[in-house]
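Since the structure comes first, as structure tokens, the remarks are kept for the end.
Values quoted throughout were computed directly from the atomic coordinates according to the rules given, and no laboratory measurement underlies them. What you see is a predicted model; the values in this text were computed from it and never measured. Heads up, the Cβs are rebuilt from the backbone with ideal geometry, glycines too, and the neighbour counts pull from every protein chain shown.
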Amino acid sequence: MSDVAVRAGSRGIALHRIGAMILRYWYLLLSSWPRLLELVYWPTVQIITWGFLQTYIAQNAGFFARAGGTLIGAVILWDILFRGQLGFSISFLEEMWARNLGNLMMSPLKPIEFLLALMAMSLVRLAIGIIPMTGIALFLFHFNFYGIGLPLIAFFCNLIFTSWAIGIFVSGLVLRNGLGAESIVWTVMFAIMPLSCIYYPVSVLPHWLQFVAWTLPPTYVFEGMRALLVDQVFRVDLMLEAAAINVGLLIASFAAFLALLRSARRNGSLLGGGE
Amino acid sequence: MNQNEGTSPGLSAPGAMTSPAIEVVHLTKLYKATRAVDDVSFRIAGGSITGLLGGNGAGKTTTIAMIMGLVLATSGQVRVLGHQMPEQAARVLGRMNFESPYVDMPMRLTVRQNLTIFGRLYAVADLRERIAELAADLDLNDFLDRASGKLSAGQKTRVALAKALINRPELLLLDEPTASLDPDTADWVRGHLDAYRKARGATILLASHNMLEVERLCDRVIIMKRGRIEDDDSPAQIMARYNRTTLEDVFLDVARGRTNALSSEAGPGSRHDNASNKSGEVAS
């Protein structure tokens, strides 16, 4: 055995390895102001555009005047879902772009530790983008996102779990297929956007499509948000159903990631990582 | 540059012959119809330096990648430091390390940041001291706080070597460790690797196109061609067998199929006794 003092054995999850990976992404963020700017830029543009739209509609439509903040609230919650997945996947892509994946896979870092570090970084990146966004919503459009209160925790957890599940699966696809599959990272969330019923209720969808929509956890969150903001009712049942689906999604995505990692090892793509 | 890592490599440590650092048995890798590695077997003794020689596409990198667990074998077995790969990889990955031209260090991070991260991944307890030690040994101090992407090829190679040595590995796998280096730096890197092996009793397996490097550094040479082991012996024995004075000439003979150069007393039959058809282990 080497004389290196090993603080953790080969079994279990080692916090120091997760910490090392978080530190790696933190160093990267600090070294690059365009990366930091990008995190704030799009959420800011989004909230300003949709905030003014909400203001205009509220002045001209009775429903939106009653349900103040549904559009702005939906935009912020959508950004949690979208930026959560991007935050996860971009940190993963950084390893592909840097051709560093081989170094990591040859180190004692385990796949689960790698994924946990990516999850933690998605929260950090999300916070950098969302906190200024909610500040603008408050000061420019008088919508206090945090005024949602405790239900916000349920909304946030369900959305971030979905974003991680999708992020894990998409990262596995990139791992297996190389950077040629990178575009999936940027576009995958838009595929579920129409069915998640972000800006309209599920009842708007054709009857048969509603069944599909109810398989997606974000649908429950956005319905729950409308129930809270329009009817002032917190639908715990919706949150629990979303959480149950999310548990299934996370387990399935982790299994898929391991299968894709194994396939990448079989295929020899861990050494290259190019197109 | 301090190359003096100590003395006594511990090459004759008891058990070195019975418990090889690397044991490869009937290893085969197929990429669809391409046979990248074809029924390769060898054992590498602890504390030795072995060179894996061969032209482009000979199967060197794939063989090393399978030993590391980065690539799954189609068939065959790999044991590293007594553990089955890749099933028991978690037990050995902290005791080995590697350097390869197919991977890079994150370019935006400084050298110190990169070494800190890898040191933490490998759970190096005295990390600050270890980085200072490596910086002194590998002459990194002038650019320790510079972004890794802004270094010259020679500096990058030294940083990659520092990363490979950060956990004081018992087993070091190197793929073209001196590629793109000027002769002076390449010679210095070879000297450092040799000193490290002697000081720590580490095992080194390196793939190289540089025949001089292999001649100077390696106790043993495994020559690969089209995924198979073509020859396997000490550099001196191989050169004698091919009636050549340099490994480069041997390499050209093998690459161009000039097997008539083999000496009569040690023909192809005897070389295969040492190579793929038998698990040959060379004592250091």
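Couple of notes before you dig in:
- Legend: mean number of C-beta atoms from other chains within 10 angstrom of residue C-beta atoms, peptide A:105-112, equals 6.
- Spatial separation of Cα centroids for the stretch A:137-155 and the stretch A:181-259, in angstrom: 20
- DSSP loop trypsin sites (Lys or Arg not before Pro) with at most 14 other Cβ within 10 Å: longest gap in chain A: A:12-275
- Among A:A242, A:A58, A:A98, residue whose mean-square fluctuation peaks in a GNM of chain A (springs only between Cα atoms under 10 Å): A:A98
- Most mobile listed residue (A:S91, A:S183, A:S122) in chain A, GNM with C-alpha springs under 10 Å: A:S183
- Note on A:170-180: average number of Cβ atoms from other chains within 10 Å of each residue's Cβ is 0.
- Cα point-scatterer Debye curve for the protein assembly as shown, base-10 log of I(q)/I(0) at q = 0.09 Å⁻¹: -0.74
- Inter-chain neighbour count for B:60-69: the average number of beta-carbon atoms from partner chains within 10 Å of each residue's beta-carbon is 2.
- For chain A, built as a Gaussian network whose Cα springs stay under 10 Å, the top-fluctuating residue of A:W78, A:W164, A:W33: A:W33
- Computed [θ] at 222 nm, helices only, for the protein assembly as shown once each DSSP H run of length n ≥ 4 contributes -39500 (n - 2.57): -17500 deg cm²/dmol
- Overall form of the stretch A:119-240 per C-alpha gyration tensor (a/c, 1.5; a/b vs b/c): oblate
- Above-threshold pairs, the threshold being 27 Å between Cα atoms, out of A:K110/B:K163; A:K110/B:K198; B:K32/B:K156; B:K150/B:K225; B:K32/B:K225; A:K110/B:K29: A:K110/B:K198; B:K32/B:K156; B:K150/B:K225
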